1. Give a residue-ordered list of calculated ³J(HN,Hα) values for the range 230-236 (Karplus: 6.51 cos²θ - 1.76 cosθ + 1.60, θ = phi - 60°; whole Hz; x for Gly, Pro).
2. Can you tell me the 0 to 90 degree angle between the C-alpha axis of helix 134-149 and the longest principal axis of the chain, rounded to 10?
3. Write down the percent of antiparallel bridges among all DSSP beta bridges whose residues are both part of the chain, to the nearest 5.
4. Which cross-chain or sequence-distant (5 or more) residues have an amide H under 5 Å from the amide H of residue 155, H modelled 1.01 Å from N in plane?
5. Nearest 0.05, what FRET efficiency do residue 49 and residue 197 give at R0 = 25 Å with Cβ-Cβ as r?
6. Just to verify a number: FRET efficiency for residue 266 and residue 208, C-beta to C-beta distance, R0 = 30 Å, to 0.05?
7. What longest range of the chain stays clear of loop-exposed trypsin sites (Lys or Arg not before Pro) (DSSP non-H/G/I/E/B, at most 10 other C-beta within 10 angstrom)?
8. Hand me the tally of lysine pairs in the range 6-151: alpha carbons under 25 angstrom apart, and the pair either on different chains or 8 or more positions apart.
Amino acid sequence: MSVASIVILGVGGRGCAALQHLQQHSLPNNISSIAVSTDKRALNSVLCDSRILLGEAIAKGRSSGSNAELAAAAVRETEPALRHALMGADVIIMLTGLGGGNGSGAATELAKLATDMAIPLLVFATLPFNFEGKRRTLLAQKSLQTLQQCGAAVVALPNDQLQRALGATTRLEQALDASNQFLLVILQQLTAMLADTGLISMDFNDFLSVIKQPGFALAGAIETEQEQDLPAALQQLLLNPLLQSAQLSQAKAALLHIVAGENFSLQQFEALGQQLAAELPNVSLLLQGLTLLPGKATKLNLLLLASGISTDCSVKLHCV
Ligand SMILES: Nc1nc2c(ncn2[C@@H]2O[C@H](COP(=O)(O)OP(=O)(O)OP(=O)(O)O)[C@@H](O)[C@H]2O)c(=O)[nH]1
Ligand SMILES: [Mg+2]
């Protein structure tokens, strides 16, 4: 069986910042990271496998200046290079900040390109802070709709939830770090799961059948100690405010992947599945995978991806 080719695509300032954070930690070999932006300076500062400058002729190597139309046109100008870079990818995981020019205009145009190339797309998109104003929020809302129309599974990460998760007095820099860290843990566990054969394995097609459900998706992951009470660990994962952007109970498909020490029992495996199933009354596909670590490992990783959630965009943005 050939190894799936996974492209992580960082789009615009936020996407590139998230990619940079990921690249500072190790990811499996089958992941290729590509940064794209109209902004040459921002692009050159990102650590990644390749960079594609969007629309050099029309954007002149500068940011789009919050102009989504310009950023979308920049993608169209650069389409041959983008097609070449994405050719052969089995999935694209896009990281972006909706509300920005690149983050909205380029991201949605790239989603259309992925659809045209028949490459499944999973998007992790931040939604603007309230203090950034109505214009950005409306742009983000419109982009969410376009991404969904393209058939992408979209994990929306409202930036204002950072305040709820960390407390009102948290410094902005700390909040942005926390957001990068949240994404890092998910992507590390997701890519490790896809690279791993596991005991009860979750293969690439299982993952695809979850993300091919269009609509909103939810993702969460935790790393903890094996001694911890497992139901409490799953509950802790589910209660993370950064995961509260859509109704988990509406999910039509979900996967739970567990990494545990070799003492992990069948009963524990089953109990976690039942606990999750109770949260998902509308699910028609629930997949559960397990990787056992050799020796007396004290680590427990839980990764949850749920999809097919059709929340109204305005409802979604009210929680920012
Ligand atoms: N969580 C988080 N959100 C960010 C970060 N940087 C930007 N954002 C969010 O992403 C949105 C888009 O910002 P950028 O990605 O910088 O904008 P851009 O897409 O490069 O857009 P232009 O520069 O106008 O072309 C912002 O409105 C913020 O809500 C970051 O480091 N962390
Ligand atoms: Mg920018």
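1. Result, ordered by residue: 5, x, 5, 5, 5, 5, 4 Hz.
2. That works out to roughly 70 degrees.
3. About 30 percent, rounded to the nearest 5.
4. Under 5 Å from the amide H of residue 155 lie the amide H atoms of 123, 124, 125, 217, each far enough along the sequence or on another chain.
5. So the FRET efficiency works out to roughly 0.50.
6. 0.65
7. Formally, the longest exposed-site-free interval is 172-295.
8. 5
Computed from the coordinates by the stated procedures, all read-outs in this text should not be read as laboratory data. The structure presented is a predicted model; accordingly, all values stated were derived computationally and were not measured. In this analysis, Cβ positions are derived from the backbone assuming ideal geometry, glycine residues included, and neighbour counts consider all displayed protein chains.
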